[in-house]
Each structure stands twice: as C-alpha cells, then as structure tokens.
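Here's the structure, in structure tokens; my notes come after.
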Amino acid sequence: MMSDEDTTKTDPTPVAEPDNLVTPAAGDEAEAQPLAGGKLQADPLSDGTVPTVLDPGAGISAGVVAKGRASLTSVYQRADIITTLVTFVVAIIAAGLVLGGYLYLTQTNKKTVVTAPKVTTLDQKDLEKLGTFFGGAGGGSSQVLTISSSTLFSNRVAINNDLKVIGGISAPGSANLGDLIVDKTSTLGVTNVRAALNVTGPLILQSPALLNGGATAKGDLSASGNGTFGGSLSAGVINTSTLAVTGNLNLSGHLIITGQRPGISLGSEAGGGASANIDGNDSAGTVSVNTGSVTNAATAGGGLLIKVTFHTAYGRVPRVLITPVGSFAGALPYYVQRTATDFTIGAASGIYSGRGYAFDYWVIQ
C-alpha cells in the first residue's frame, strides 16, 4: 500500500478530485470491484499506484485538462511551429536577396526605362500658321511634326513631299540628289554631278575649276582672272581687251579687226583745196587724199600728203605697213613717218595737183 508521504512525492501539486473519483482502500488488491452506484475501482499498478477511474458522465472527459491548468507540451508545440515558419520565411527572403544581387551584378545590359513621348494635338490656329508658312500646304495634324530640340535618326529618313529648311544643311557624308535647286548662295565642297548642271544665275568659282568632260556655255562667260586652256578653245565670238598668245596663233578664217576710227588730217604738200578720208581703226584701214593746187606742180616736187592720229596711243612706236592703191599712188616714191601717237604718208617726188592717191595701212606694235 502507498502511504500519504509517497502520494505527496508522486504528485506535488494537489488537484481537487471530483466526487465521482474513488480511491481503492488499503488492502484491496484484487480486481476492480464495483462500488455503490455501479462505480468501478481499478487494480493497483506494479509500483503501488492506484489509477483513478473516471466517470464518463462526471463532466471531466478523457484528454481534457481542468480549468486553470495549461499544457506545457501544447505550448512547446506551438512555439516550435512558429519558429519553423519564421525561419522558413527568413530563408526565402535571404535567398531572394542573394539571387537578386547576383543577377544585378552579372547582367550586361540594363533595361532602360522608356518614357512615353508627349503627344500634342494641333488646333486649327496652329494648322493655319503652318499652312501660311508652307505656302498653304501645311496638311493635317497627322502630317505636321514640330521638333524643338536636336533630333538624331539612326537609319534612313524618307520624305515623300518637299523638304524646307530655314537654317543651314550640313552633310558630312555624300548626298545623292535627283534635282538640286539653289535660289540663294550655296557653298559646296567636292561636288560630283552625274547629270546636267543647270545654272540660271551667275556661276562664281573662287578656286580653279576642273572640267574633265568639257564645258558648253550657251550664254555669256565672263572671267575676271586668268584662263588656261590645255586644249583647243572653240567659241563663236571672243571679246577680250587683251589677248596674249605665247605660242602660235592659227586662224582658219578671216582676221577681222574692229575698233574706234582714228583722226585724219592733210599734209603740208596736199595743196590748197585738198581733201582727205579714212576708213579703218588704229590697227588697219585705208586712207585717201585728193590733192589741190600743188605749188611745185611744174617740177613735180615731193612732200607730206596725209596724217593719221591713233584713237589710242600705242605703248611704243609701232610698225606701219603701207600698200599703194591704184596707179597714181603706185607711181609715187612713197614713205612713212611714225610715232607712238600717229603716222604720216608722204612722197619723195611726183605729186601733182588734182590727183587722187590712196593707201592701205597695217599697224603692229
């Protein structure tokens, strides 16, 4: 049998037992005996402890702890579950941070955040302004694009209609143009024209121009500087103030020299009532004189007949070639006196009154 001292050591915390619990009496070690009212008493265990038999209808069911008591096992179980969940969540977060950091450090191309472009709708007043600017061809709101800042096109840009540029155009590379119409001044570097180049206004070339395929000028060609031609020069008419030829001058046609008419006057032996005439210029022409009353007609003396004064004086005394025209002039022993400003034709003898004498002249400096 178990004494009171042993019971105290087994269960240090006394628990109020309900009325329907029956403790076996001392010396009752046989099988469970029914008590009064049908209640049973269990046999003692091997260590002497007598189990308590619960009454199913006593209000304390199996596995139910009395009020005011807490199960340490259930508390420990709940704490273990919470700790496990927290540890699992922390592990997932740590793994995500490590993986994200690795991807960020090892990625080669970072995505650029693309901001949606600002779309502006043009009203009727804006379209009218654009229409005035483009000469009435402003178009609708879907056809006009205004860009206030610099714009870079990485690929080709096709424009189906006219392109109007207010400022300058800079093309570091080549430019292929079907038609190039320039209304104002244009500065071009190396320009290759595969088709025709039509210039309706003046063409000013400030540096030497190389024309490998030749050049045809249907209008006027004016050169204020020097011109060098390695080959032949073909022109209908060449007007020049000074023509310098260092080589041969080949003329396949006539040599026609024009210019201002020089002055003409009578010589001292032309006689009273004589007259003179000239047809030509400073370079070539014909002079004629009709003698008057020659004082030494009986002796047929000589003297000066006619004087020609150049319209423009030569730089030095020129060479004057005289050819007599007709038998009267051919019979005279004629001669010439010349300076840088004029020349005079005379005869050594044979000048008669009332005679007509004519001479062709050619002047070369």
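The values are calculated or read from the model by the stated rules, or taken from the named source; none is laboratory data. For clarity, every value in this text was computed on a predicted model and none was experimentally measured. Backbone-built Cβ (ideal geometry, glycine too); neighbour counts: all protein chains shown. The accessibility values were calculated without ligands, DNA or RNA, using every heavy atom of the protein model including side chains. Shrake-Rupley method; radii C 1.70, N 1.55, O 1.52, S 1.80 Å.
Condition first: polar (S, T, N, Q) and under 10 Å from Gly303 (Cβ atoms). Now tell me which residues in the stretch 337-354 satisfy that. Steps first, please.
Within the stretch 337-354, the first condition is being polar (S, T, N, Q), and the residues that meet it are 337, 339, 341, 344, 349, 353.
The one that is polar (S, T, N, Q) and under 10 Å from Gly303 (Cβ atoms): Ser349.
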Query raised in the report: Since Ala91 meets every condition but one in (1) in a helix (DSSP H, G or I); (2) at pLDDT below 70; (3) not basic (Lys, Arg), which condition does it not meet?
Result: (2)
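Quick check on the stretch 77-85. Is at least one of its residues charged (D, E, K, R), open to solvent by 90 Å² or more (accessible area, probe 1.4 Å) and either assigned to a helix (DSSP H, G or I) or at pLDDT 80 or above (or both)?
Residues of the stretch 77-85 that are charged (D, E, K, R), as a first pass: 78, 80.
Then keep just the ones that are open to solvent by 90 Å² or more (accessible area, probe 1.4 Å); that gives 78, 80.
Going one step further and asking which of them are either assigned to a helix (DSSP H, G or I) or at pLDDT 80 or above (or both), we end up with 78, 80.
Scanning the stretch 77-85 turns up at least one residue that is charged (D, E, K, R), open to solvent by 90 Å² or more (accessible area, probe 1.4 Å) and either assigned to a helix (DSSP H, G or I) or at pLDDT 80 or above (or both).
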Query raised in the report: Which one of these does Gly253 not meet: (1) open to solvent by less than 100 Å² (accessible area, probe 1.4 Å); (2) at pLDDT below 75; (3) not hydroxyl-bearing (Ser, Thr, Tyr)?
Result: (2)
**Report entry** strands (runs of 3 or more DSSP E) lying entirely in the stretch 289-365 (those with 2 or more residues that are in contact with a helix residue (DSSP H, G or I) (Cβ under 6 Å, 6 or more places away or on another chain) and surrounded by fewer than 16 Cβ atoms within 10 Å (Cβ to Cβ))
**Finding:** none
Query - Any pair with Cβ under 6 angstrom, 6 or more apart, that starts in the stretch 343-364 at a residue that is in contact (Cβ under 8 Å) with a residue 24 or more places away in the chain and ends at one that is assigned to a loop (DSSP other than H, G, I, E, B) and of a type in the set (Val, Ile, Thr) - result: Ile351/Val294; Ser353/Thr291; Ser353/Val294; Arg355/Thr291
Query raised in the report: Quick check: is even one residue across the stretch 307-317 modelled with pLDDT of 90 or more and over 30 Å from Ser241 (Cα atoms)?
Result: no
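Over 51 Å from the mean Cα position of the chain (by Cα), at pLDDT below 95, of a type in the set (S, T, N, Q) and open to solvent by less than 100 Å² (accessible area, probe 1.4 Å): which single residue out of Ser283, Ser268 fits that description? Can you show your working first?
On the way: Ser283 fails: at pLDDT below 95.
Sole residue among the options that is over 51 Å from the mean Cα position of the chain (by Cα), at pLDDT below 95, of a type in the set (S, T, N, Q) and open to solvent by less than 100 Å² (accessible area, probe 1.4 Å): Ser268.
Of the residues that sit in the stretch 130-168 and are in a loop (DSSP other than H, G, I, E, B) and of a type in the set (Val, Ile, Thr), which one is modelled with the lowest pLDDT? It would help to see each step written out before you state the result.
Of the residues in the stretch 130-168, the ones in a loop (DSSP other than H, G, I, E, B) are 134-168.
Among the residues that remain, those that are also of a type in the set (Val, Ile, Thr) are: 144, 146-147, 151, 157, 159, 165-166.
Values: Val144: 58, Thr146: 68, Ile147: 71, Thr151: 78, Val157: 77, Ile159: 77, Val165: 77, Ile166: 77.
Here the residue is Val144.
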